[in-house]
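Here's the structure, in structure tokens; my notes come after.
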Amino acid sequence: MTGSLSPTTATAPLPDARLCVAPMMAWTDRHCRTLHRLFSPHALLFTEMVTADALIFGNGARTLEHRPAEYPLVAQLGGADPERLATATAQISAAGFAEINLNVGCPSDRVQRGRFGACLMKEPVLVADCIEAMQAVSTVPITVKCRLGVDDLDSDEHLHEFTAALVQRGLRRLYLHARKALLKGLSPAQNRQIPPLQYERGYRLAEAFPELDIVLNGGIVDAPSALEHLNHMAGVMIGRAAYQHPALLRALDDLLWPGSDTTGLSSAADERYCLNDWALTEILTRYRRYMQQELNTGARLGDLCRPLHGVFHARKGARHARRALSDHRRLARGDLGAFDDALTAVQLNEPIAC
């Protein structure tokens, strides 16, 4: 490790990352994170990615708006210019975030045009320079999220060399999406599905770098597979399954932090992770209060309702509930009755305390 790592960054504790919710553009905004925090008191949450340039020159600060109730929370940055990344890091390192994470995994065309995201895996020295510059001004740990590789650069040898370059600059945690990225010919959605998952390569990386916390991401949709990965990795990161059926977060929270009084899974729960009525009612009561507070300050009801669509996963009446939450006329006028009608559709036996 070089001497460039600042003393505060070197000693700043890494938050517990056994369970994480992936940063997802247009999804993990502050409303979504508030709901996920209600399902899992312990999960490490991430903001959507914001670029260093947007934070310095534009309105990127909006993406990083948050409340302490969301903690522990990681801010994800995108960029490839060490100086600008350092400027952005200095702006946000004291804002309550548990980490600042550099995106080296997004394969979108727009991100590639900015010369950051997954294409940076071709430039490990530049990524290491970025990490070093960010650490020099940060009071919290700097981490990286990346892929197994890009295009034809997807061998274990390249991945291990890339990782070694970052560890030499003081990196202590890496979030690894266990797929390579194809930078041409695939959309971001296809890049989440078509390149095959290769979990064993993540396991081998963890064995090769025992000093590094490596958190596995990609295709983790149930508790048994998450627990199996935790036998090999420091943590697991849940992506779209977190909003498609967020009760999975509660299931994993109960398993990883037993005795923390968050239990709410039905005794008959299977892979769908149905919460009992009491637990779901408690969560939705608290989220409804949050919705009302946000509406009072000018938030849009549609934005507040969007994270709720997966809450009723596998419940009778879920389709009617989602229809109520998508009523554009009621959403436009901020009518919380749309939310109440969604609850009526799924026939919760516990009353919501408005």
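General observations
- Length added when fully stretched, residue 320-residue 190, from 0.36 nm per residue minus Cα-Cα: 43.8 nm
- Difference of contour (0.36 nm per residue) and Cα-Cα distance, residue 332 to residue 232: 31.2 nm
- The long axis of helix 199-208 is offset from the longest Cα principal axis of the chain by roughly 50 degrees.
- Accessible surface of residue 27, taken over heavy atoms with a 1.4 Å probe and every protein chain present, rounds to 70 Å².
- Set of lysines near residue 180 by C-alpha distance (under 16 Å), chain-local residues within fewer than 8 positions excluded: 122, 145
The values are calculated or read from the model by the stated rules, or taken from the named source; none is laboratory data. In this text, all values refer to a predicted model and were calculated from it rather than measured experimentally. With ligands, DNA and RNA removed, areas are computed over all heavy atoms of the protein, side chains included. Shrake-Rupley method; radii C 1.70, N 1.55, O 1.52, S 1.80 Å.
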